[in-house]
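**Student:** What follows is a structure written as structure tokens; I'll ask about it next.
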Amino acid sequence: MSESRSPIYTAEAHVTGGRAEGHGRTSDGALEVDLRPPQEMGGGAGGTNPEQLFAVGYAACFESALGAVARRRRQEVGDVAIDSQVMLVPAENRAFNLAVALAVTLPSVDDPDEAVELVRAAHQVCPYSNATRGNVDVALTANGRGIEDASEPAGQEQHAS
């Protein structure tokens, strides 16, 4: 870890078999999944894949970050919904990269600029966004409006935790 702070939470999981015929289980037993490649990669039914798990995890984390930003600003965002996509993209030398798209719907935010700023600020504090920044292409939309450069800071939320 780059900071000297102690973690406030550590998730633990045990995986065998990888994505081909794998099985994963969290240490508390709350999540247990069979892992299979997507059909587009020759897989069949009967399991999930790491990209699906990442898509759910990122969207859930991002929504929490959005709620924190809204509370700090004393704003109401309503019942937020996030449609997430995690794409596996071929790269050079038979490697793969990830790309992410998060379509954020803020039903209680009518002002398009305000919606964009809330999503941009959430992108600065979300742990998944911070982990992927500079490594994964992340495309964001707020109420259908694209956010051109989501990596730009959005006020003082950038340094909040």
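Each value in this text was obtained by applying a stated rule to the coordinates, not by laboratory testing. This structure is a prediction, so every number in the text was calculated from the model and none was measured. Backbone-built Cβ (ideal geometry, glycine too); neighbour counts: all protein chains shown.
**Student:** Antiparallel versus total DSSP beta bridges in the chain: what percent is that, nearest 5?
**Tutor:** Antiparallel bridges make up about 75 percent of those DSSP assigns within the chain.
**Student:** Now a separate question. Using every Cα-Cα pair within region 1-48, state what percent have a distance larger than 14 Å.
**Tutor:** For region 1-48, the fraction of Cα-Cα distances above 14 Å is 59 percent.
**Student:** So how far, in whole Å, is the C-alpha centre of region 14-48 from the one of region 95-116?
**Tutor:** 28
**Student:** Given [x] 30; [y] 15; [z] 19 as candidate values of percent of Cα pairs over 28 Å apart, which corresponds to the one derived from the coordinates?
**Tutor:** [x]
**Student:** Sort 89-95, 69-75, 123-129 for me by packing, meaning the mean count of neighbouring Cβ atoms within 10 Å per residue, highest on top.
**Tutor:** With the highest mean Cβ count within 10 Å placed first, the list reads 123-129, 69-75, 89-95.
**Student:** Hey, what number do you get for the chain at 222 nm if only DSSP H runs of n ≥ 4 count, each worth -39500 (n - 2.57), divided across all residues, to the nearest 500?
**Tutor:** Counting only the DSSP helices, I get -9000 deg cm²/dmol.
**Student:** What ranking of Glu148, Glu63, Glu40 emerges when the number of other C-beta atoms within 10 Å of each C-beta is taken as an exposure proxy, fewest first?
**Tutor:** Ascending Cβ contact count within 10 Å gives the list Glu40, Glu148, Glu63.
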